[in-house]
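Some notes on the structure that comes next.
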Amino acid sequence: MFRSATASSLASRFFISINHPRIAPLTIPLASFTNHAPIPANGTNHQLHQNGSSKDDYNRRKQRTAGPLHFIAASSFLSWFSKKSDDENTPESQLITIIKRSILSIQKEEYQKAEQMLHLALKMAQDLQSKDGITYIYDIMANLAMEVGDFAKAEKLFVNVMQRLFSDGFLEDHIKMLHISSKVAHLAQLQGHLDKAAQGFEWTLAKLEEKLKQLGDDNAKEIRELWGITKNWYAQLLMESKRFAEAKQAFLQAYEAYTEIHGMLTEEGLTILNNLSVACSNLEDYASAERFLKEAIALAAQIPDLSEAGVYKANLGLLYLQQGLLRQASEFCTFAWRYGKQHKHEETVQQASYCLEQIKAMEK
């Protein structure tokens, strides 16, 4: 005789909602060394070139690339200094080299080495009285602290960057400020300050939506990307607050924003699909939960060596388990366990093992 699993018996482990600490792009892109002036009050536009690729926006440090921080092609980054001197041994050129090496170390996950180089770069920028360079280095430091999990330090550094931008004349709704606002809200979430995080996300989203209404489609890509990133983080907050219906809607919006820019075959998009399925399962909308997971599994099969593919299989097994479909649950959880072992993905193995243990208990 089979016995059914109660909701409470599965609640503690039902579904993994993959919540990677995704790093949005550097607030001050490398190109900003070419011109740091904001849009002044008289309306003259000196807006900085920004990194429009949200491969940086949505990356986890072990996903898709070697690291979360990519530097833009050196042409725009170096142009300001190259106008001054073609000598590679100038202090400015040496500063640029150290900054580039620090970012490369972050991409290689050599975080201590990156930290040391950034402190050296900061001292050099201070000696050169490079206001732009100092602000930019603080921004990299903040992203690095966020990446390694030192959230309090990251928040302090981001606030420092924001204050420096304010002193340069940037308004609170400038895109650079909104990038920082989104990150600070996410940092509050990661530290468990959910009310503060919610206020930050909602304020940032409102400002971004105002900008989206003002801009045409050709000029809205960066705003749309940041809006999608913020929606995804906000959806994760809503999940923590058990506001599952709102979380589902936010994940849907984040997924639409991400895929319209980067297409369907991305790890980040699949992560959102998985978390969307988790929201549906908490709403007991099992048909939608199954549909989103199957879509993620089908897309994951087209991405080589995707470590999270096993998690999606295990989650589908647990979804079948909750509905008492033991044969289907056993099939998917067994596959996930083998996949996790083969790819040495401990999260998958743990989730699949839990699923198989529950199946055995229900068969007694």
So which lysines pass the test for Lys242, namely a Cα distance under 18 Å, with those fewer than 8 places away in the same chain ruled out?
Lys196, Lys231
Stretch Gln302-Gln214 to full length: gain in nm at 0.36 nm per residue minus the Cα-Cα span?
27.9 nm
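State the percentage of accessible surface on region 221-321 attributable to carbon and sulfur atoms; use a 1.4 Å probe and exclude ligands, DNA and RNA.
49 percent
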Any of Lys108/Lys211; Lys248/Lys313; Lys131/Lys153 with alpha carbons more than 26 Å apart? Name them for me.
Lys108/Lys211
Sorting check: for 163-170, 151-158, which peptide has the highest mean count of neighbouring beta carbons within 10 Å, and how do the rest follow?
151-158, 163-170
Given the peptides 195-202, 278-285, arrange them by the average over their residues of other C-beta atoms within 10 Å, most packed first.
278-285, 195-202
Other residues with Cβ under 11 Å from the Cβ of Ala121 give, with Lys and Arg +1 and Asp and Glu -1, a net charge of +1
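Once you list every other residue whose beta carbon is under 15 Å from the beta carbon of Glu246, what net charge do they have if Lys and Arg are +1 and Asp and Glu are -1?
Net of charged neighbours comes to +1.
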Environment charge of Ile175, counting only residues whose C-beta is closer than 9 Å and scoring Lys/Arg +1, Asp/Glu -1:
0
Taking square-rooted eigenvalues a ≥ b ≥ c of the alpha carbon gyration tensor, is region 264-363 rounded, prolate or oblate, where a/c under 1.5 means rounded and, failing that, a/b exceeding b/c means prolate?
oblate
Region 264-363 - accessible surface per residue (Å², probe 1.4 Å):
42 Å²
Accessible-area order (highest first, 1.4 angstrom probe) of the listed residues Arg243, Arg291
Arg291, Arg243
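The values are calculated or read from the model by the stated rules, or taken from the named source; none is laboratory data. Owing to the predicted nature of the structure, the values given are computational and were not obtained by experimental measurement. FYI the Cβ positions are ideal-geometry reconstructions off the backbone, even for glycines, and counts take in every protein chain you see. What goes into the accessible areas is simple: the full protein's heavy atoms, side chains included, and nothing from ligands, DNA or RNA. Shrake-Rupley method; radii C 1.70, N 1.55, O 1.52, S 1.80 Å.
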